[in-house]
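Here the structure is laid out as structure tokens; the discussion comes afterwards.
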Amino acid sequence: MGKILLKSLHPLVLCLAAVALMWGASSPAGKRLFPFITGEERVSSPDDRLSSKAEELFSLARKENPQLQWNRCLAGKARERAENMARTGSFSHRDSRTGKNPAWEMIPSCLPGRYMGENLTRGDESARILHQSLMESPGHRKNIRDRRYDQMGVGCHGNICVQFFAGG
């Protein structure tokens, strides 16, 4: 029966199951395979899918720029930014009331630095497809690959994901 069940599962389901198993795994040296995911950050809630999407967007960006490190504060601020846009029905780098980009105040509250960046993405597609779309846009690709950035946080709410970058 197990063989029949495995053959009938879609390859994506099998891939996701393998990734889920890896999350709790450690390398032979005892280091976590995904050091930015700790037990206390994992919660069982309806937001788990969004958290996983944010984590996957980070992993994909890190493949493009290996010096990026997960920053919990930036991730929290990015999620807050995504929630605010979803609540107000906006999707823009600029706040319609102030004309300013809220990221320029949110990022320094986590890390004072000289370099900051923000990517916004919206859609119900997988993190891989959203990442591909970001990489096809010169400005978004530049943020992801910019070596001045060494810290990154990603937050998602609804179908909006925000990437915050900081460095220097």
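The values are calculated or read from the model by the stated rules, or taken from the named source; none is laboratory data. Predicted model only: the values in this text are computed from it and were never measured. Because the Cβ atoms are built from the backbone with ideal geometry, glycine has one as well, and the counts that use them run over all protein chains shown. To get the accessible areas, we keep the full protein, side chains included, count just its heavy atoms, and leave off ligands, DNA and RNA. Shrake-Rupley method; radii C 1.70, N 1.55, O 1.52, S 1.80 Å.
Using DSSP to define loop residues, name the trypsin sites (Lys or Arg not before Pro) in region 101-131 whose beta-carbon has at most 12 other beta-carbon atoms within 10 Å.
Values: sites: ARG114, ARG122, ARG128; in loops: ARG114.
The qualifying sites are ARG114.
Can you pull the accessible area of THR88 for me, 1.4 Å probe, Å² to the nearest 10?
So the heavy atoms of THR88 present about 90 Å² to solvent.
Write down the accessible area per residue of region 121-168 in Å², having rolled a 1.4 Å probe over the full set of protein chains. Let's see the in-between values first.
Working: 2200 Å² over 48 residues.
Heavy-atom accessible area per residue stands at 46 Å².
Ordering HIS131, HIS157 from largest to smallest accessible area (1.4 angstrom probe), what's the sequence? Provide the component values of the computation, followed by the final result.
Details: HIS131 15, HIS157 65 Å².
Final ranking, largest accessible area leading: HIS157, HIS131.
Could you pull out the GluC sites (Glu not before Pro) across region 92-165 that fall in loop regions by DSSP (anything but H, G, I, E, B) with no more than 16 other Cβ atoms inside 10 Å?
GLU125
Please give the net charge around CYS110, taking every other residue with its beta carbon less than 10 angstrom from that of CYS110, where Lys and Arg add +1 and Asp and Glu add -1.
Details: positive: ARG72, LYS77; negative: none.
Result for the neighbourhood of CYS110: +2.
Sorted by accessible area (1.4 Å probe), largest first, how do LYS77, LYS53 line up? Numbers along the way, then the final one.
Details: LYS77 55, LYS53 20 Å².
Greatest to least solvent exposure: LYS77, LYS53.
Taking one equal scatterer on every alpha-carbon of region 48-123, how large is log10 of I(q)/I(0) by Debye at q = 0.13 1/Å?
Once normalised to I(0) and log-transformed, intensities are -0.42.
Expressed as a whole percentage, what fraction of the accessible surface of region 51-168 belongs to carbon and sulfur atoms when a 1.4 Å probe is rolled over the protein heavy atoms? Could the numbers behind the result be given before it?
Values: 2830 of 5980 Å².
Carbon and sulfur: 47 percent of the exposed surface of region 51-168.
Got a number for the accessible area of ARG79? Probe 1.4 Å, square angstrom, nearest 10.
ARG79 exposes around 60 Å² with every protein chain in place.
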